[in-house]
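Asks: The structure's right below; bear with me while I get my questions together.
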Amino acid sequence: YINGPCDFDADKDGSFRISGKDYFAYVNVTGKTAEASWNADPKSTHAHAPLGVLTRKGACWENADARICARDLPAAQKAAALAAQPKGEYAYPDYPGASQSCVVARGGKWIEGAPLVLDRCPGDSSANRFVRTADAMKIDKADGLCVGVTRGGSNTLAALQKCGTDGTKWSAGAKQAGPAAVRSADGKCWTIPKLADDKAEFPNEIVVAPCDPKAD
């Protein structure tokens, strides 16, 4: 399920988290044993499925049903992998329960013309794309692309465009680290009409609409 380069994050007690694009696992170490869990389904945003008690064998923690290994890459490969990771922020709605969702390019294709949607966060850092500037929302690791707009039926949707073209003039509190509305100079904001619908399924379109006067 996770095979190849992955994200690895460890604690001082030896517990760690490992994640690929669709799957992730948590290993909580206590002495010579550990208890592990994973998300089991790419659509799940929590490591809810237990893997049982594991014991360490070399670079791996394993039992009869699971084997979780983490090995460091050779220096050159590690440097290349780190350099290839996007260094921007990930974007999600300031809405109760929405922190496990991310704004991503539909289908994971960060290319010109791709619409932006709200979807489940990928297990890796591939959604960390957004770079706030004074007058644009640039996309890291996608040369020359910014957030712009496209038509989707009767709606105007957020999508990826060449930077500097009409529709890419967005700001989102470039000098602040906290939440901020993404807005244009002409009073338009990103909105997600389906966000309040408990029965709506991902992905959700990002609709460009007049800003709420109460928006930050």
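Asks: Before we move on, is residue 129 surrounded by 13 or more Cβ atoms within 10 Å (Cβ to Cβ) and closer than 25 Å to residue 47 by Cα?
Replies: yes
Residue-wise test of (1) at pLDDT below 95; (2) closer than 17 Å to residue 190 by Cα; (3) not acidic (Asp, Glu).
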{"position": "115", "(1), (2), (3)": "no, yes, yes"}
{"position": "120", "(1), (2), (3)": "yes, no, yes"}
{"position": "150", "(1), (2), (3)": "yes, yes, yes"}
{"position": "159", "(1), (2), (3)": "no, yes, yes"}
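Table: residues versus (1) of a type in the set (Lys, Arg); (2) out of contact with any strand residue (DSSP E or B) (no Cβ under 8 Å at 6 or more places or on another chain); (3) free of Cβ contacts under 8 Å to residues at least 40 places away in the same chain.
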{"position": "94", "(1), (2), (3)": "no, yes, no"}
{"position": "100", "(1), (2), (3)": "no, no, no"}
{"position": "158", "(1), (2), (3)": "no, no, no"}
{"position": "165", "(1), (2), (3)": "no, no, yes"}
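Asks: Then there's this: Could you tell me whether residue 19 is at pLDDT below 90, of a type in the set (Ser, Thr, Tyr) and not assigned by TED's automatic domain parsing to the domain that holds residue 125?
Replies: Values: at pLDDT below 90: yes; of a type in the set (Ser, Thr, Tyr): yes; not assigned by TED's automatic domain parsing to the domain that holds residue 125: yes.
In short, yes.
Asks: Can we say residue 98 is in a loop (DSSP other than H, G, I, E, B) and among the aliphatic types (A, V, I, L, M)?
Replies: Yes.
Asks: Go through the stretch 104-124 and give me each residue that's β-branched (Val, Ile, Thr) and in a loop (DSSP other than H, G, I, E, B).
Replies: Within the stretch 104-124, just 111 meets the criteria.
Asks: Going residue by residue through the stretch 137-148, is there one that turns out to be of a type outside the set (Gly, Ala, Ser), touching a Lys or Arg at 6+ places or on another chain (Cβ under 9 Å), surrounded by fewer than 19 Cβ atoms within 10 Å (Cβ to Cβ) and more than 21 Å from residue 186 (Cβ to Cβ)?
Replies: yes
Asks: Taking the stated definitions as given, is residue 50 touching a strand residue (DSSP E or B) at 6+ places or on another chain (Cβ under 9 Å), in contact (Cβ under 8 Å) with a residue 12 or more places away in the chain and not in a strand (DSSP E or B)?
Replies: No: the conditions fail for residue 50.
Asks: Another question about this same structure. Just the residues that are crowded, with 19+ Cβ neighbours inside 10 Å and either part of a loop (DSSP other than H, G, I, E, B) or outside the structural domain of residue 60 (by TED's automatic domain parsing) (or both), please, taken from the stretch 22-45.
Replies: 23, 39
Asks: Here is a follow-up. Looking at the structure I just gave you, is residue 204 in contact with a helix residue (DSSP H, G or I) (Cβ under 7 Å, 6 or more places away or on another chain) and among the polar types (S, T, N, Q)?
Replies: Yes.
Asks: Pick from the stretch 59-93 the residues that are surrounded by 10 or more Cβ atoms within 10 Å (Cβ to Cβ) and in contact with a helix residue (DSSP H, G or I) (Cβ under 8 Å, 6 or more places away or on another chain): which of them is nearest to residue 6 (Cα to Cα)? Let's see the steps before the verdict.
Replies: At the first step, the residues of the stretch 59-93 found to be surrounded by 10 or more Cβ atoms within 10 Å (Cβ to Cβ) are 59-63, 66-70, 73, 77-82, 85-93.
If we keep only those that are in contact with a helix residue (DSSP H, G or I) (Cβ under 8 Å, 6 or more places away or on another chain) as well, we get 73, 93.
Numbers: 73: 10, 93: 26 Å.
Per the stated criteria, the residue is 73.
Asks: Suppose we filter 181, 142, 127 for residues that are in a loop (DSSP other than H, G, I, E, B), over 26 Å from residue 20 (Cα atoms) and under 22 Å from the mean Cα position of the chain (by Cα); which single one remains?
Replies: Details: 142 fails: over 26 Å from residue 20 (Cα atoms); 127 fails: over 26 Å from residue 20 (Cα atoms).
Selected residue: 181, the only one of 181, 142, 127 that is in a loop (DSSP other than H, G, I, E, B), over 26 Å from residue 20 (Cα atoms) and under 22 Å from the mean Cα position of the chain (by Cα).
Asks: I've got another one for you. From the set of residues in the stretch 161-216 that are among the hydroxyl-bearing types (Ser, Thr, Tyr) and modelled with pLDDT under 90, which is surrounded by the most Cβ atoms within 10 Å (Cβ to Cβ)?
Replies: The extreme case among them is 168.
The values are calculated or read from the model by the stated rules, or taken from the named source; none is laboratory data. Being a predicted model, the structure only gives us computed values, none of them experimental. So basically every Cβ, Gly included, is an ideal-geometry build from the backbone, and we count neighbours across all protein chains shown.
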